[in-house]
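Below is one structure, written out as structure tokens; comments come after it.
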Amino acid sequence: EKKSDQVDLINNNFLESQNELREVVNTIVKDAETTNLEGLKNIHLVSDKFTKFGPRGFERQNVDDTNESELAFFGTISNYEEEVKDLKIDVFGEVGIATYYRFVSFEQDHEKKNVSLRQTLVFLKTNEGWKIIHEHGNRRPLQ
């Protein structure tokens, strides 16, 4: 039986939180394009509960592995640009899920690279703002 003060996690759109998360995703893209590694690091929840899959490795990563991987990647590239398409944000109270397609280009070893990916970010609203608690990205399969 549903209590009158209980929030409907399924049917409530949580529009304010959706807008906050849209801004968070935009900030993540801006941080990547400007190589703001501190910003990229700080968006992750520092916890044993954080997990990540892909796109640069197959194994499950923890928050330290993720930050090291991102630092290493951004240390080897230049002229990074990213476009987000078809961003969908669903919020379930204190948890939000952003799914979208990423189109990135960068230079690595004097070679221009273009990559298409799918991205899922799961966020938790904390006292410090929205933090990524799970990340999953994978490249478009070769055809």
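Of the residues making up the range 88-117, those that are in contact with a Phe, Trp or Tyr (Cβ under 6 Å, 6 or more places away or on another chain) and over 15 Å from Ala32 (Cβ atoms) are Val91, Gly96, Ser116.
For the condition of a type outside the set (Lys, Arg), in contact with a Lys or Arg (Cβ under 8 Å, 6 or more places away or on another chain) and over 14 Å from Lys125 (Cα atoms), Glu81 does not qualify. Would it be correct to say that Val29 is modelled with pLDDT of 95 or more, surrounded by 14 or more Cβ atoms within 10 Å (Cβ to Cβ) and either in contact with a His (Cβ under 9 Å, 6 or more places away or on another chain) or closer than 18 Å to Val91 by Cα (or both)? Spelling it out, it is not the case that Val29 is modelled with pLDDT of 95 or more, surrounded by 14 or more Cβ atoms within 10 Å (Cβ to Cβ) and either in contact with a His (Cβ under 9 Å, 6 or more places away or on another chain) or closer than 18 Å to Val91 by Cα (or both).
Residues in the range 109-132 that are assigned to a strand (DSSP E or B) and open to solvent by 40 Å² or more (accessible area, probe 1.4 Å): 8 in all.
What number of residues in the range 122-143 are acidic (Asp, Glu) and free of Cβ contacts under 8 Å to residues at least 40 places away in the same chain? Give the steps one after another, and end with the answer.
Pass one, the range 122-143, residues acidic (Asp, Glu): 128, 135.
With free of Cβ contacts under 8 Å to residues at least 40 places away in the same chain added as a condition, the list becomes 128.
Number satisfying all stated conditions: 1.
Looking only at residues of the range 43-58 that are under 21 Å from Val115 (Cα atoms) and touching a helix residue (DSSP H, G or I) at 6+ places or on another chain (Cβ under 8 Å), we find that the one that is most open to solvent (accessible area, probe 1.4 Å) is Arg56.
Is it the case that the range 90-103 has a residue that's modelled with pLDDT under 95, among the hydroxyl-bearing types (Ser, Thr, Tyr) and farther than 23 Å from Lys125 by Cβ?
Scanning the range 90-103, I find no residue that is modelled with pLDDT under 95, among the hydroxyl-bearing types (Ser, Thr, Tyr) and farther than 23 Å from Lys125 by Cβ, so the answer is no.
The values are calculated or read from the model by the stated rules, or taken from the named source; none is laboratory data. Computed from a predicted model, the values in this text were never measured in an experiment. Note that each Cβ is placed from the backbone with ideal geometry, even for glycine, and that neighbours are counted across all protein chains shown. Keep in mind that these areas ignore ligands, DNA and RNA; they rest on the heavy atoms of the full protein, side chains included. Shrake-Rupley method; radii C 1.70, N 1.55, O 1.52, S 1.80 Å.
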